[in-house]
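The values are calculated or read from the model by the stated rules, or taken from the named source; none is laboratory data. Keep in mind that what you see is a predicted model, and the values were worked out from it rather than measured. For neighbour counting, all protein chains shown are included, and Cβ atoms are generated from backbone atoms with ideal geometry for every residue, glycine included. All accessible areas refer to the heavy atoms of the entire protein, side chains included, with ligands and DNA or RNA removed. Shrake-Rupley method; radii C 1.70, N 1.55, O 1.52, S 1.80 Å.
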Amino acid sequence: MEEKKVYFAVFVRQSIYAGMFLLSKAAFDGGMSNFVFVFYRQAIATLFIFPIAFYFERKTAPPLSFKTFCKIFVLYLFGITISLNLHGVALIYTSASLVAATVNCIPVFTFLFALLFRVEVLRLKSMAGVAKVGGIVICVGGVVMLAFYKGPQLTFFNNHHLFHIHNHHQYPLHQNNWIKGCFFMLGFNVLWALSLVLQAFVYESYPSTLLFTSLQCLVSSFQSFIIAIAMERNLDQWKLGWDVRLLTVAYCGIVATGVSYAIQTWVIKKKGPVFLAMWTPIIMVITTPSSAFLLGESIGLGSGLGGLLLIGGLYSVLWGKSKEPKVSERLKEVDKECSLPVKESGTFSNDNPQSSLVKNV
């Protein structure tokens, strides 16, 4: 039952992020400043989750040391504040479907960082290790196909444009900005993957899920506010009306930040950062058809083929991780057999037959 809860939680989290991509793109196309959006998102998330965290965990939470606070501050300066601003600019430069596709690089970077920090173990001589590496390679192939092969356009349902928003891009949509957007997404993917791995270490210093999440939001709120007032001086950008901007800020602040961060922390605690990252392709699977229906974006054949590769890679890695406990148990059994003590009958383990002969003599 616990296993099913983890799978359900991680699927819900990826669905939440798919909705965030769609609403954010709609708000940015409507002219909203990315920097102001990030601040409002984190501030609303703080107001939403901090009272809940204080009510449930105020008696059980460990004391917050200055060293732990500094770790949280630096980690989420890069892992949330800077990465979210990079993500927003990339979304303005490109499209929701491309952003949802390129976030599938996160499992690759997360796996590499996890190996670097020895959070994950790779045994290439086992089927589990081969499946994990093969899944990563397949995911990379899917991302490459999404980036370089568009193919015939599927236009049978992309003319609805349900939001009815006229594009007011903050930046001209030409090839150079599209390439810049891809590089901004690459920076976001690297920082986000690194924060997923390092979060597991920081969480050990402060293992209170809700308060830990509220600290993330509170710290990043102050950081993003400083960036916003430095980058956006137009007061009109700070105003929220009863439109898609308010809906986006409320959804991203309460659901995509407050709720999803709590789910993220819990899943990392249960299964580790690589398990969480490997579910990233689900975002693309949901976002691609939804962006065509809601935002009028075109879908190419390459998107469908790339999506199939990403899903195949996802299941390959998940299968490999599911087999890892069995491989570890076998290795432990082998280690025990290799270190058997001398028996009373005078026989030794098979690792040292010469000693056995000496004992029998």
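Listed values, structure above:
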| read-out | value |
| --- | --- |
| Check on Ser224, at pLDDT below 85, part of a helix (DSSP H, G or I) and within 21 Å of the chain's Cα centre (by Cα) | no |
| Set Thr94, Thr68: member being surrounded by fewer than 24 Cβ atoms within 10 Å (Cβ to Cβ) and over 23 Å from Gln216 (Cβ atoms) | Thr94 |
| Members of the stretch 237-255 that are farther than 13 Å from Phe37 by Cα and open to solvent by 70 Å² or more (accessible area, probe 1.4 Å) | Trp242, Asp243 |
| Selection status of Gly258, part of a helix (DSSP H, G or I), at pLDDT below 85 and under 16 Å from Phe37 (Cβ atoms) | yes |
| Extreme residue, nearest to Glu232 (Cα to Cα), among residues of the stretch 48-62 that are surrounded by fewer than 20 Cβ atoms within 10 Å (Cβ to Cβ) and in contact with a Cys (Cβ under 9 Å, 6 or more places away or on another chain) | Phe48 |
| Selection count where residues are of a type in the set (A, V, I, L, M, F, W, C) and out of contact with any helix residue (DSSP H, G or I) (no Cβ under 6 Å at 6 or more places or on another chain), scope the stretch 1-48 | 6 |
| Candidate set from the stretch 191-213 (those that are assigned to a helix (DSSP H, G or I) and not hydrophobic (A, V, I, L, M, F, W, C)); member that is modelled with the highest pLDDT | Ser195 |
| Subset tally (residues that are open to solvent by 10 Å² or more (accessible area, probe 1.4 Å) and touching a residue at least 24 places away in the same chain (Cβ under 8 Å)) for the stretch 3-30 | 12 |
| Selected residue [part of a helix (DSSP H, G or I), farther than 30 Å from Gly253 by Cα and among the aliphatic types (A, V, I, L, M)] from Val103, Val121, Val140, Val99 | Val140 |
